[in-house]
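For reference, the structure is listed below as structure tokens.
The values are calculated or read from the model by the stated rules, or taken from the named source; none is laboratory data. As the structure is a computational prediction, the values presented were derived from the model and not from experiment. When we count neighbours, we look across all protein chains shown, and the Cβ atoms used for this are built from the backbone with ideal geometry, even at glycine.
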Amino acid sequence: MGAPASLGESRPLAEWAKLGVRRVDGRALAERPLGAALMAPGGAEGPCFLVTDNFRALLKWNNSSYFATAVGFLADSVDKP
């Protein structure tokens, strides 16, 4: 893909979409005015995640990318009305 994988580089979701980033199920990213950074906890060969300021807030509480990622997965799995 060629895009940097760093928490230090936040871009609007629309820009990530232009670079070819999609949801894991292949759908387009949400069209919201939200910034996100690309994180690759497993390195170049592992999965990548778009993370927002909520991820950074979790890191302040527990400075573990694995913890913050697990919380994100848990939050995404909760049924939303």
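Points worth noting:
- Residue within segment 25-48 that is of a type in the set (Lys, Arg), free of Cβ contacts under 8 Å to residues at least 12 places away in the same chain, under 21 Å from Ala68 (Cβ atoms) and assigned to a loop (DSSP other than H, G, I, E, B) present: no
- Taking the criterion of being among the aliphatic types (A, V, I, L, M) and closer than 12 Å to Leu7 by Cβ, the residues of segment 17-57 that qualify are Ala36, Ala37, Leu38, Met39, Ala40, Leu50, Val51.
- Residue count, segment 49-76 (criterion: assigned to a helix (DSSP H, G or I), farther than 21 Å from Leu13 by Cα and of a type outside the set (A, V, I, L, M)): 4
Rundown of residues vs (1) at pLDDT below 90; (2) surrounded by fewer than 10 Cβ atoms within 10 Å (Cβ to Cβ), yes/no style:
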{"residue": "Val21", "(1), (2)": "no, no"}
{"residue": "Arg27", "(1), (2)": "no, yes"}
{"residue": "Tyr66", "(1), (2)": "yes, yes"}
{"residue": "Val78", "(1), (2)": "yes, yes"}
